[in-house]
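Everything below concerns the one structure shown next.
The values are calculated or read from the model by the stated rules, or taken from the named source; none is laboratory data. Everything quoted here is computed from the prediction, not taken from an experiment. Note: ideal-geometry Cβ built from the backbone for every residue, glycine included; neighbour counts use all protein chains shown. The protein model used for the area step is the full one, side chains on, heavy atoms only, and it has no ligands, DNA or RNA in it. Shrake-Rupley method; radii C 1.70, N 1.55, O 1.52, S 1.80 Å.
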Protein chains: 2
Amino acid sequence: MITRMSSLFLRTLREDPADAEVPSHKLLVRAGYIRRVAPGVYSWLPLGLRVLRNVETVVREEMNAIGAQELSFPALLPREPYETTNRWTEYGDSLFRLKDRKGADMLLGPTHEEMFTATVKDLYSSYKDFPVTLYQIQTKYRDEERPRAGILRGREFVMKDSYSFDMSDEGLEESYQKHRVAYQRIFDRLGVKYAICAATSGAMGGSASEEFLAISENGEDTFVSATDGDYAANVEAVVTQPGVEKPIDGQPAAVVHETPDAVTIAALVEWAKSVGIQAEAKDTLKCLAVKVRKPGEEWELTGVLLPGDREADMKRLEASFEPAEVALLEPEDFAKYPFLVKGYIGPKGLADNGVTVLADPRVVAGTSWITGADQANHHVVGMVCGRDFTPDGFIEVAEVREGDPAPEGMGTLTLERGIEIGHIFQLGRKYTEAMDVQILDQNGKTAVPTMGSYGIGVSRLVAVLAEQMHDDKGLVWPAEVAPFQVHVAVANKDEAAGKAAEELATALSAAGVEVLIDDRPKVSPGVKFKDAELLGTPFAVILGRSFADGKVEIRVRGGETLEIAYDEALAKIQELL
Amino acid sequence: MITRMSSLFLRTLREDPADAEVPSHKLLVRAGYIRRVAPGVYSWLPLGLRVLRNVETVVREEMNAIGAQELSFPALLPREPYETTNRWTEYGDSLFRLKDRKGADMLLGPTHEEMFTATVKDLYSSYKDFPVTLYQIQTKYRDEERPRAGILRGREFVMKDSYSFDMSDEGLEESYQKHRVAYQRIFDRLGVKYAICAATSGAMGGSASEEFLAISENGEDTFVSATDGDYAANVEAVVTQPGVEKPIDGQPAAVVHETPDAVTIAALVEWAKSVGIQAEAKDTLKCLAVKVRKPGEEWELTGVLLPGDREADMKRLEASFEPAEVALLEPEDFAKYPFLVKGYIGPKGLADNGVTVLADPRVVAGTSWITGADQANHHVVGMVCGRDFTPDGFIEVAEVREGDPAPEGMGTLTLERGIEIGHIFQLGRKYTEAMDVQILDQNGKTAVPTMGSYGIGVSRLVAVLAEQMHDDKGLVWPAEVAPFQVHVAVANKDEAAGKAAEELATALSAAGVEVLIDDRPKVSPGVKFKDAELLGTPFAVILGRSFADGKVEIRVRGGETLEIAYDEALAKIQELL
């Protein structure tokens, strides 16, 4: 089809919008792709809608290719199913809740596990119906605390969410792998640069889960990758390489010292230096007292040990305890446990009082530490793990640093930033059990199917593509998602040039190419070129001065410029496409 | 593409759902096209989604063909623009309102005039940018008091809404006509039986507006059509053929009679008979006292006269006064106006007390009436219009009846029922003025563009098609919107039949036909045939007993059955399609 710039509903802006911080947000607004309506709520103008639909098409084709079946659930949902799974409450402020005219509680769907599960329960009853994978490409709602960066983190957004239902764990693994391959195909077709990151360490029995992160310095998520191997992981999922065990025999006994006011690691190291003890921050042991609450249980005091040169990473701490909640102690907690001497907590005091103590994997048998002596203004030097204290287990809580060792033989870790574009997750039976899905198996007994849950941020991908593919002049779309493949600009006032441009556009359109023709009569060539670059169409054909000699320019967006004969332009573009 | 019944996410039901009253609702649920989630809120299962998308495609193609440009606004909207136009309040209980986490008022868009207007204001500033027509195909929300009939009147539904912006009234007329033609093309392509009904009588200065009503006995709207001409109108828009004027001279003088307890028309006619006056209900004159409030003004008492044999049609009454509100009198109103004697109100008392009196168009000069005498237990006989009373104007309020005269030369009126599927409306400058859209015209002065507003109920059309096209066995889809064009059913256990069915399906698919193959191994032919009929695919190919002789059956859904050679099946289906 041919679209005409003279009538296209578009106004490009020379200035960045005041509220925009990242390039994709600035450029998508300036180039007239999206328009802000409310915080985190955007309209899709004609160009933006074309890109969004093109992304949807790629996602749909690859989902269909793995046998997933498309359906569409409402966005406006009743409270009851979300009550059954407790998510009506769990979602907290992120859920848009409303009442209908009869006072019934409703919500705007943030994700649809409940609906898919209820529908499978409703329609299917025999193992013969399984496996089945269902998906939708649908508008979702989350009342984000900080909507940001235009459509990168919106409150109304388009997602592809799919769910697999299998009768066996092996079946789930197979469905999961199919999705993993489909996701790779989707992101490869779109030309996104991404990493597949392990999303759970598995330390606390979590199921397999991976995130697809688009690599971007403006990403909110930090992930690590190995310098020398195929390994990437969320910071939450990084598995610390264990410390090296040392012999305990022969190590000097632990000695308590008076350490007035040494309530920080820096002050402690300073004190050690002052008394002639060779020690750095990494030789000290931080003892963090936290409280942990398993679902349906009471808060329980727990000790966490980590080398003094590392901060605790709250995200890692929370991920490690999931599904239990974890929180730092309040003043009243300290009052409750008088053996916790703030600034001087040590592993011995915790253990002596029956508190579970979990340690960073570097705290192994034979390692010796300077740590709190469980009394004010005192520390103990030479506390040897396995002799003076023994952790009840290990935990991933220490911050991850650039240069930390990668898994065996893969060099060291590099820290990168990314934007989550996909997530695949072996969900298991959480929802099918909560919603009591009973299926007859081969033996005539009932069984509960196991689920996988898989998401792609479809509207977010439009921002991600803009984020990864732009230069200082504007957007640089890959041909597969570009609103138009070819931008024909007439920059020659000769009537023949205008006519030739129309003919070329018609021929391209007949060949199935989406063409935008800049036919604005009173607009200068300079403005036309600037707009073409800003809009980011992969190929621009310019009928300028050299058209008098029968020549046109083909400008590859973000690449070279060719001058060729007008008569060869059609064939050349088809070749380039 | 080929879809396999063995893995299709579908369960057909033999029983009608308990809450379904109309055929489309029953069949769409039974055939597994839709599934109820909450009152007026439905999921689109794979088959339903295919039909919905096919309808969307037809709508989109025809909208693009008239140069309308597609964009997409959010469904979640801020309160402010709807406050500007007062619709935040005017919408009453039909609007889904909610608050976000920061307490800001938001709504789910029931229609998007405000958003389109604001966007045009934002992007355009010169007459050169006009005309422009924009549209979206989008999910909308209305908290209907009585959601009904499945997706026929839902609370979450898909609509195509478009808006034209023109600098002149002639331009608006042109945009309106373009839409009218596009709508005819859309409904013709879909095979809907419909009428285009005048939607406003224009009596009170309303702008041009027409409704497209699908003809259906289960429709909520009543409309009239002429027995002998191309005329159809909403009941609200029917223009009453005026009465015939008669000479006043020579008519007997009005005489007041005592008519004890004759507070109903029937009692009045009975009384007349008892005193030897030849009169029927149509010779009496009802005097209705109502109150009317123009926007921003006070309630004002108004008299409405109509022949005694007709009830007042509240919908017609309301439409006639729009945009003013109209209401029946409350007891306290009667107390306020002592000259209103309930049951005995007459035109003279109203006029004598300065009340505006509007009459049915049949009440013309020289017509003589029996009517109230403005005192209890008294009526007056021989009240002649133009002599004893003179209405201040005419009004359309009387009920319309089958057999009433149609406009000049078109015979009489027939009453029919329909379902609104489209509405085109010359909206004018209501929103552009409210939102202060100022555009520079050719003379460098500012002008306010005029708008047209045009809607199609896209998801409702799926129900309408099912309503108009079904039989007692199931749905009967037209090929353009059917989820599949061909349903191949194997009803022969011979392996060769299964193989031949697969080959035929592959050949059809390669030819661009959407094929559903019923490959379920353990399902009886009878069940397969029943399902094929219920699903309503236009053509079914049955490989049954006669396949042993190289033959297949082609069953045209809702039509004939052909038996032809297997080898000719592909060509025959292509010919039928």
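Report A:Asp333's accessible area, 1.4 Å probe, all protein chains in place, as a number in Å² to the nearest 10.
Looks like 20 Å² after rounding.
Please report how many Lys pairs in segment A:484-576 have alpha carbons closer than 19 angstrom, counting only residues at least 8 apart along the chain or sitting on separate chains.
Qualifying lysine pairs in segment A:484-576: 10.
Whole number please: convex hull volume per residue of the Cα set in segment A:484-576, in Å³? Write down the numbers at each step before the final one.
On the way: hull volume 7.6 nm³, N = 93.
Convex hull volume per residue, Cα atoms: 82 Å³.
Which chain A residue puts its Cβ closest to the axis that rotates A onto B, and at what distance in whole Å?
A:Leu98, 2
Binning at 5 angstrom from zero up to the longest distance, how are the C-alpha pair distances of segment B:421-476 distributed in percent?
Histogramming segment B:421-476 at 5 Å steps yields 4, 16, 13, 13, 10, 9, 7, 7, 6, 6, 4, 2, 1, 0 percent.
Hey, can you list the residues from segment A:139-175 whose accessible area shrinks by 10 Å² or more with all protein chains present, relative to the chain by itself (probe 1.4 Å, no ligands or nucleic acids)?
Residues meeting the cut-off: A:Tyr141, A:Asp143, A:Glu145, A:Arg155, A:Glu156.
How about A:Lys178: which aspartates and glutamates have a C-alpha closer than 17 Å to its C-alpha, ignoring those fewer than 8 places off in the same chain?
A:Glu61, A:Glu62, A:Glu70, A:Asp161, A:Asp166, A:Asp169, A:Glu170, A:Asp188, A:Glu210, A:Glu211
Run through the DSSP bridge list for segment B:408-536 and note the antiparallel percent, rounded to the nearest 5.
Working: 10 of 14 bridges.
In segment B:408-536, DSSP labels about 70 percent of beta bridges as antiparallel.
Just to confirm the numbers: A:Gly92, label point 7 angstrom along the Cα-Cβ line, distances to the other copies in nm, shortest first?
In ascending order, 4.1 nm.
Taking a temperature of 25 °C and a viscosity of 0.890 mPa s, what whole-number D in µm²/s does Stokes-Einstein yield for segment B:109-157 with Rh from Kirkwood over alpha carbon pairs? Present the calculation step by step, with values, prior to reporting the outcome.
Details: Rh = 13.2 Å.
Translational D for this selection: 186 µm²/s.
Relative to the longest principal axis of chain A, what angle (0 to 90°, nearest 10) does the C-alpha long axis of helix A:113-123 take?
Approximately 80 degrees, to the nearest 10.
Once you have the alpha carbon radius of gyration of segment A:255-394, what is it after dividing by 2.2 N^0.38 Å, with N set to its residue count?
1.02
Output the 0 to 90 degree angle, nearest 10, between the alpha-carbon long axis of helix B:525-535 and the longest principal axis computed from the alpha carbons of chain B.
Taking Cα atoms only, the helix is inclined about 40 degrees.
Just the number, please: buried accessible area between A and B, total of both chains, 1.4 angstrom probe, nearest 100 square angstrom.
Numbers: alone 27010 and 27090 Å², together 49350 Å².
Summing both chains' loss of accessible area gives about 4800 Å².
Which pairs, out of A:Lys102/B:Lys430; A:Lys430/B:Lys26; A:Lys315/A:Lys430, put more than 28 Å between their alpha-carbon atoms? If you can, show how the numbers build up before the last one.
On the way: A:Lys102/B:Lys430 32 Å; A:Lys430/B:Lys26 34 Å; A:Lys315/A:Lys430 23 Å.
Listed pairs above 28 Å: A:Lys102/B:Lys430; A:Lys430/B:Lys26.
In a solvent-free Debye calculation with one equal scatterer on each Cα, what is log10 I(q)/I(0) for segment B:333-397 at q = 0.20, 0.29, 0.30 Å⁻¹, listed in the order of the q values?
-0.80, -1.33, -1.35
For B:Tyr231, enumerate residues with amide H under 5 Å from its amide H, sequence gap 5+ or separate chain, H modeled in the peptide plane.
HN-HN under 5 Å from B:Tyr231: B:Ala226.
May I ask for the distance between the Cα centers of segment B:297-360 and segment A:459-520, given as a whole number of Å?
A separation of 64 Å, based on Cα centres.
Could you let me know the centre-to-centre spacing of segment B:527-542 and segment A:121-147, using Cα atoms, in angstrom?
If we compute the Cα centre of each part, the gap is 28 Å.
Quick one: Karplus J couplings for segment A:564-577, per residue in order, coefficients 6.51, -1.76, 1.60, θ = phi - 60°, nearest Hz, x for Gly and Pro?
Values per residue, Gly and Pro as x: 9, 5, 3, 5, 9, 4, 4, 4, 5, 5, 4, 5, 5, 6 Hz.
Place the label 7 angstrom along Cα→C-beta at A:Lys336 and in each other copy, then list the distances from the first to the rest in nm, shortest first.
6.6
Under 10 Å from the Cβ of B:Glu220, count the other residues' Cβ atoms, weight Lys and Arg +1, Asp and Glu -1, and hand me the total.
Numbers: positive: B:Arg146, B:Arg148, B:Arg153, B:Arg417; negative: B:Asp221, B:Glu420.
So the environment of B:Glu220 carries a net charge of +2.
Under the rule of at least 5 residues apart or a separate chain, name every residue whose amide H is placed under 5 Å from the amide H of B:Val355.
Amide H neighbours of B:Val355, under 5 Å, 5+ apart: none.
Inter-copy label distances at A:Gln375, 7 Å along the Cα→beta-carbon direction, one decimal in nm, shortest first?
11.5
Take the solvent-accessible surface of the protein heavy atoms, probe 1.4 Å, and return the percent of it on segment B:255-394 that carbon and sulfur atoms account for.
Working: 3510 of 6760 Å².
That fraction is 52 percent.
Please compute, for the alpha-carbon atoms of segment A:126-201, the extent along each of the three principal axes and give them in descending order in Å.
On the principal axes, segment A:126-201 reaches 45, 29, 28 Å in Cα extent.
How do B:Trp44, A:Trp299 stack up against each other in accessible area, from largest to smallest, with a 1.4 angstrom probe? Display every interim value, and only then the final one.
Working: B:Trp44 25, A:Trp299 90 Å².
Order by accessible area, largest first: A:Trp299, B:Trp44.
Once the Cα gyration tensor of the protein assembly as shown is diagonalised, what are the square roots of 5 times its eigenvalues, in whole Å and ordered largest first, as equivalent ellipsoid semi-axes?
Working: eigenvalues 870, 301, 245 Å².
After scaling each eigenvalue by five and taking roots: 66, 39, 35 Å.
Measuring from the lowest to the highest alpha carbon on each principal axis, how far does chain B reach, largest first, in angstroms?
96, 68, 48
To the nearest Å, what is the center-to-center distance of segment B:78-94 and segment A:234-288, using C-alpha atoms only?
Between the Cα centre of segment B:78-94 and that of segment A:234-288, the gap is 64 Å.
I'd like the Karplus ³J(HN,Hα) series for segment B:129-144: coefficients 6.51, -1.76, 1.60, θ = phi - 60°, whole numbers in Hz, and an x wherever there's a Gly or Pro.
6, 9, x, 9, 10, 10, 8, 9, 10, 8, 7, 10, 9, 9, 7, 4
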